[in-house]
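Single-structure report; data block below.
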Amino acid sequence: MNQIENIIMRQNVELVIFDWDGTLFDSVGQIVASLQHAAQQFEQPLSNDAAKSIIGLGLPEVMQILFPQVPHLQQDILQCYADHYVANSKGDVWFNGVAELLADLKQQGLKLAVATGKSRKGLDRVLGQTNSHDIFDITRAASETRSKPDPLMLKEIISEMDVAVDRAIMVGDTSYDLEMAQNLNMPRIGVSYGVHSVETLQRYQPLTIADNVQQLHDYLQGMIQSTALSES
């Protein structure tokens, strides 16, 4: 355990902030398929790797990065993507163990939040799909604030929750998630089962990188138990 981790473990963890796609929700494959479908409809080249690499950013930023050569088509491509995603994503579900993880954290009195590159409309749809509106104390979508890796959505979350930045933890599967937290000096945890590689995530000095939801659950549980011991 490194020195930074020792300091964090002794502090009171109050708030856990989760990215959605690729961290809680198994939707990466459908996002890539829908992006490729939209690109094909407008005869634009798009590789699997390129489509996957931008997951986590706000949708306008995604269009600007993937289709800079056709700015006049970006809004139409975006609408085509959204329509295809909604029509074909009914099978997307939480990763195995996520429901138990969230219920456990909630039961132990932690505040839970979502910080996502989705639009508010898209986030509300999947919150309804997973019956999880009441699980999260606050959610932020990229359409109502600035896109990752700008830390504004994290600033808004901790301000509304009245939680100090060092008592919150950001959990995400992309460099955008971890860079966003790093920009605010917020503790952060990476997960390797989503989009970006372990090597990419390590650049942003996470407390740990979990290879699956159970490892993430165990690590967070260890932090909570260490906090309880330090306060007894």
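Listed here are the residues, each with its yes/no results for (1) crowded, with 17+ Cβ neighbours inside 10 Å; (2) part of a helix (DSSP H, G or I).
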position: Val13; (1), (2): yes, no
position: Gly29; (1), (2): no, yes
position: Ser34; (1), (2): yes, yes
position: Leu46; (1), (2): yes, no
position: Ala50; (1), (2): no, yes
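Which is more than 14 Å from the chain's Cα centre (by Cα) and within 21 Å of Leu57 (Cβ to Cβ), of Thr139, Thr174, Thr130, Thr145?
Thr145
Determine which member of the set Leu110, Leu123 is of a type in the set (A, V, I, L, M, F, W, C) and more than 20 Å from Gly29 (Cα to Cα).
Only one candidate passes the filter, namely Leu110.
Only one of these conditions is not met by Val86: (1) part of a helix (DSSP H, G or I); (2) modelled with pLDDT of 95 or more; (3) farther than 28 Å from Asn183 by Cβ. Which number is it?
(2)
Name the residues in region 153-168 that are part of a helix (DSSP H, G or I) and free of Cβ contacts under 8 Å to residues at least 60 places away in the same chain, would you?
Result: Met153, Lys155, Glu156, Ser159, Glu160, Val165.
I'd like the full set of residues that are open to solvent by 20 Å² or more (accessible area, probe 1.4 Å) and outside any helix (DSSP H, G or I), limited to region 112-139.
Lys118, Ser119, Thr130, Asn131, His133, Asp134, Ile135, Asp137, Thr139
Can you tell me which residue in region 59-111 is surrounded by the most Cβ atoms within 10 Å (Cβ to Cβ), limited to those that are among the charged types (D, E, K, R) and free of Cβ contacts under 8 Å to residues at least 40 places away in the same chain?
Lys106
The values are calculated or read from the model by the stated rules, or taken from the named source; none is laboratory data. All of these numbers come straight from a predicted model, not from anything done at the bench. Because the Cβ atoms are built from the backbone with ideal geometry, glycine has one as well, and the counts that use them run over all protein chains shown. Keep in mind that these areas ignore ligands, DNA and RNA; they rest on the heavy atoms of the full protein, side chains included. Shrake-Rupley method; radii C 1.70, N 1.55, O 1.52, S 1.80 Å.
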